[in-house]
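The values are calculated or read from the model by the stated rules, or taken from the named source; none is laboratory data. Keep in mind the model is a prediction, meaning the values are calculated, not measured. Reconstructed Cβ throughout: ideal geometry from the backbone, glycine too, with neighbour counts over all protein chains shown.
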Amino acid sequence: MGGFRSPYAGLVVAVLLPALFVLGLLLIPLGILFAIRRSRRGPLQSPAWPVLDLNRPHVRRGVLAVLVLTVVNVVILSMGSYGAVEHMDSPAFCGRTCHTPMQPQYEAWQHGPHSNVACVECHIGGGAGAFVRYKWNGVHQLVGVLSDRYPRPIPAPVKNLRPAAEICGPCHSPWKAHGDRARSVREYADDAASSETVTDLAVHVTRGEAKTTPDGRRHWPAGSGVHWHADPANRVEYASDEKREQILWIKVTTPEGTAREYKAEGATPEAIAKAERRVMDCVDCHNQPVHQFPVSAARAVDDAIAAGRLRRDLPFVRREGVRLLSAEAKTRDEGLAAVATGLHAFYAAGGGASPDPKAVDDAAAALQDIYQRAVYPSMKITFGTYRNFLGHADNLGCMRCHDMSHAAADGTVLPSDCDLCHTQP
């Protein structure tokens, strides 16, 4: 009925109690079977099966009672089954029942731009086939959790994810013209003033207008922006390692049917044949659309200063923040305590001018918030554990292909011209 909100209460009410109820019902025919076997071995040799004489009033009443109670049981089990499925499809079940393994992903989902989208919308989808397949996979995961034999960290499910057209397509149209998006990247130095450097960019997401081929297919032409890569009409195939960080081979097929292949420098035919092959789509760049983790301590601190969560008037706040966040700790509580005590100790020892105590407290709280979103010692997760391929400033990203080392047979290389994707006004 929806009266329980705790994931553990839901596990008991929606899963355990219906299972015990079914077990109790199964005990009835099981008890009858045991009674029949005992009667066959007894001295009186009673009939193997009871005789149902509906001409006898008490027999008719008994049969009617069984039929009515069976209908009641079906209703109860239907409600229980629905409640169990609804509970197991809830984000609370995914993130809080399996607390330790899925805590990082659950907290990242809560702070991400898709926090209003339930886990099953992306990880399962619609249809009975998808439900059975992914729930069966969930049984294996449950066994791993109960036996404490799950990987640390939990690997990104790049192989098991549904196609991006199914996940992203209902909300994000590939034909939406975004034009140029202005972006300012703010970075800070390690000096006392945490000196600021601002890089203003115009990112070419989509430029111009979509074209139509003679057979009626729409597509973004070459040079139209970053989203050209995810256009279904522009087929980009590649071969890579399991993490999709090293791209060995690329094949680009245009809507007109022309194709060109590029190989990475030093890639052998044997290595290319063994590599994973895939058609490029949205998640090859937007590989953290939901579970976003800070890519580095430096970038996280820079973003906090730019957003005003860390005050630049604290001397050396950027340098000390990066230092404290990068330190290793055995437990999360130990790491959080080390961040706060380390910052207070630095300023208490005369680190720069004597700052306002409240400003130090606020800075410590801001650094702890960053630490909580990025570091999970129990799952061996820290800054950069999960790579983000969007861009290339803090990771390989675009340079997995556009590194001037992927060449075609005629010597043509994939360009790495900055103006292809962005310009500095």
- Scan (1) under 19 Å from PRO174 (Cα atoms); (2) touching a residue at least 24 places away in the same chain (Cβ under 8 Å) for the single condition ASN234 breaks and write down its number. (2)
- In region 204-256, which residues are assigned to a helix (DSSP H, G or I) and surrounded by fewer than 19 Cβ atoms within 10 Å (Cβ to Cβ)? HIS229
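Out of contact with any Asp or Glu (no Cβ under 8 Å at 6 or more places or on another chain) and farther than 23 Å from ASP241 by Cα: does that describe ALA271?
Criteria not met by ALA271.
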- Task: Residue by residue through region 293-339, note down the ones that are out of contact with any helix residue (DSSP H, G or I) (no Cβ under 7 Å at 6 or more places or on another chain), closer than 16 Å to SER195 by Cβ and of a type in the set (A, V, I, L, M).
- Result: ALA306
- Task: Could you list, in sequence order, all residues of region 220-237 that are out of contact with any helix residue (DSSP H, G or I) (no Cβ under 8 Å at 6 or more places or on another chain) and modelled with pLDDT of 90 or more?
- Result: GLU237
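Conditions (1) touching a Phe, Trp or Tyr at 6+ places or on another chain (Cβ under 9 Å); (2) of a type outside the set (A, V, I, L, M, F, W, C), marked per residue:
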site: THR258; (1), (2): no, yes
site: ARG299; (1), (2): yes, yes
site: GLY321; (1), (2): no, yes
site: ALA337; (1), (2): no, no
- Query: Do we find that VAL120 is closer than 30 Å to GLN288 by Cα, touching a residue at least 24 places away in the same chain (Cβ under 8 Å) and out of contact with any Lys or Arg (no Cβ under 8 Å at 6 or more places or on another chain) in this structure?
  - Reply: yes
- Task: Just name the residue that is surrounded by the fewest Cβ atoms within 10 Å (Cβ to Cβ) out of those in region 257-272 that are under 17 Å from VAL236 (Cα atoms) and at pLDDT 90 or above.
- Result: ALA259
